[in-house]
């Protein structure tokens, strides 16, 4: 039968001796399956699960979604390769492309048949008992999953560019925006491709882009970007630098943490990365950021402070400076905000949950669906994405060893308590009452945080009547100790009150769902187009704003072969939506409802209220987007998966 939450979850201190013994035995079995290790080479020093348990492998539903996305990627690659042949740029044998098309058609036919079977079983006329038995056997049989994985392997082969294609897209091919656009054959060109050079778009990405968690208020001119009063006044008409500082209207993005990364090589070509400081301001009477200055390399005393300029002598120097920031932002996003502080943070909590909260425990029931797929996707990343010769090694600036080290240090230095959304926003000085009125990530994230916190509060207070219940819960105390100890998660303290337990669970669910959505899905809409955001510079940063040219700007962008690899990788990562927030179902077919305790799942219970709150949040965000100059969709509840599963 499909796994579901217990009908009557209980705290261990309330169980009989026999029930406590059952819990102990179940946890011993789970601990044998979920062992810790901190020696995985790609994330050496970060605690993860040692061997992926069978129960952590994805559902057939997830595999079908993934394959649909990979098929679209493969079609795009074939279309690019076909175009290169037709232009006489590639010597690729077209018979190979025909063979790839045949493989895709066969996989599509097989998937369509399986989807029909699944739909028929779900809505068919069999008796319920027969339905459960037949479907469970049909779908969860290892042969079905193996077939889907085999399809994925075949498609992966199609996605690997052949030598003739790499040569056609090689380093000698001139960089043009038209050629980058031409990589989107069957995949739609993202809107950012037509707006990324706009200064206001550049500023907006700090508050509504892939990395919206770095912008912070400053109360003094940063030493790393020492703009003068004259420079400021020339950029923000009718304002002064002193007034901006006094009013709290000056903000920065400081990429100093990237200093750990050592730039590497690709095919013998040097890659570049600096740690820029970018300054932004909210003009008097305004509500949105405008860019005012960039220092591309504060470590170099001769590096100039560049400012926006319309004249031809300074225009391309400013465009180059913005690209320097975008490359830094791409690295910070992928290694710090995304990999380290969502994926790797959640795995520590997920492993500890399986090891220390019995399946009978109400918190196990609350949390485990928010971990679905996380260990699997993290293992996949550690063995293919962030390894030598993988996409991170190719696309991003650092040697793979230094990129791995950056992610590890970002994870181990993350403070779980200080990272809680309301506290983080306050610490950065960018709350709703500050001059930074337009900050869609902040506003939508707080809305979702509030809905999750209310749900968690109502759920936890169903089982914990008072603070002593938390202190007396040996499983919860062991769970928190393991996360802080074996899991090496700073700021995860053993809860002593009901409120502190609510805070820990709210942050856990928010990070696994909404925070991951906020950093993951912009990868497709924004980061898949290399000129807008990419992982490395391919020429050194300018040492003057004067006299630079458009060809010099373009030369800082990646070779087309890597732009296509970036497109493929980020299209995949940013396309898979599996089980939206508020959806709690078994991971086994036919995916029955997860919660069975009527105190939780009743028609007017906490779960129904949570789902209603998410529907209201969806309506509110849709209404906000109708008024926003740039809609922000990444935290609409319908677009937030419940777990970090891609």
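A Förster distance of 51 Å, applied to the separation of the beta-carbon atoms of residue 1 and residue 550, puts the FRET efficiency at 0.20.
Using every pair of distinct Cα positions in the stretch 1-96, the Kirkwood expression returns a hydrodynamic radius of 19.1 angstrom. Remark: the chain is approximated by an ellipsoid whose semi-axes, taken from the C-alpha gyration tensor as √(5λ), come to 42, 33, 22 Å, largest first. Paramagnetic label reach from residue 13 (point 7 Å along Cα→Cβ; backbone nitrogen cut-off under 12 Å): within the stretch 489-521, residues 496-498. Given R0 = 22 Å, the distance between the Cβ atoms of residue 424 and residue 454 translates into a calculated FRET efficiency of 0.65. Computed from Cα positions, the angle between helix 400-412 and the longest principal axis of the chain comes to roughly 60 degrees. Exposure proxy for 554, 177, 635: other Cβ atoms within 10 Å of each Cβ, ordered fewest to most, give 177, 554, 635. Shown for the stretch 145-199 is the translational diffusion coefficient from the Stokes-Einstein equation, using the Kirkwood radius over Cα pairs, a temperature of 37 °C and a viscosity of 0.692 mPa s: 230 µm²/s. Using all pairs of distinct alpha-carbon atoms, the Kirkwood hydrodynamic radius of the stretch 509-576 works out to 13.6 angstrom.
Ranking of 347, 426 by neighbouring Cβ atoms within 10 Å, starting from the fewest: 426, 347.
Helix 474-484 and the long axis of the chain differ in direction by around 20°, with both axes built from C-alpha atoms.
Each residue, residue 234 and residue 26, gets one label point 7 Å from its Cα in the Cβ direction; the gap between the two is 7.0 nm. Spatially, the stretch 557-613 and the stretch 417-447 are offset by 24 Å when compared through their Cα centroids.
By the beta-carbon count within 10 Å of each Cβ, the least crowded to most crowded order of 259, 604, fewest first, is 604, 259. To the nearest 10 degrees, how steeply does helix 128-140 sit against the main Cα axis of the chain, on a 0 to 90 scale? With rounding to tens, the tilt is 40 degrees. Summarising the label geometry, the points placed 7 Å from Cα in the beta-carbon direction at residue 247 and residue 310 lie 2.2 nm from one another.
Protection proxy ranking for 147-158, 566-577, using the average of other Cβ atoms within 10 Å per residue and placing the highest first: 566-577, 147-158.
What 222 nm value per residue comes from the helices of the chain, counting each DSSP H run with n ≥ 4 as -39,500 (n - 2.57) and dividing by all residues, nearest 500 deg cm²/dmol? Theoretical 222 nm ellipticity from helices: -15000 deg cm²/dmol.
Would you mind calculating the gained length between residue 432 and residue 83 on full extension (0.36 nm times residue separation, minus the Cα-Cα distance), in nm to one decimal? Intermediate values should be presented prior to the final figure.
Details: separation 349, 0.36 × 349 = 125.64 nm, distance 4.96 nm.
In short, 120.7 nm is gained.
Extension gain for residue 627-residue 612 works out to 3.1 nm (0.36 nm per residue, less the C-alpha to C-alpha distance).
Here the chain carries DSSP beta bridges of which approximately 95% are antiparallel, counting only pairs with both residues inside. Once the Cβ-Cβ distance of residue 300 and residue 219 is raised to the sixth power relative to R0 = 22 Å, the FRET efficiency obtained is 0.30. Taking label points 7 Å from Cα along the Cα-to-Cβ direction, residue 119 and residue 182 give a separation of 3.9 nm.
Computed from the coordinates by the stated procedures, all read-outs in this text should not be read as laboratory data. All values reported here derive from a predicted model rather than from experimental measurement. Methodologically, a virtual Cβ is constructed for each residue, glycine included, from the backbone with ideal geometry; neighbour enumeration extends over all protein chains shown.
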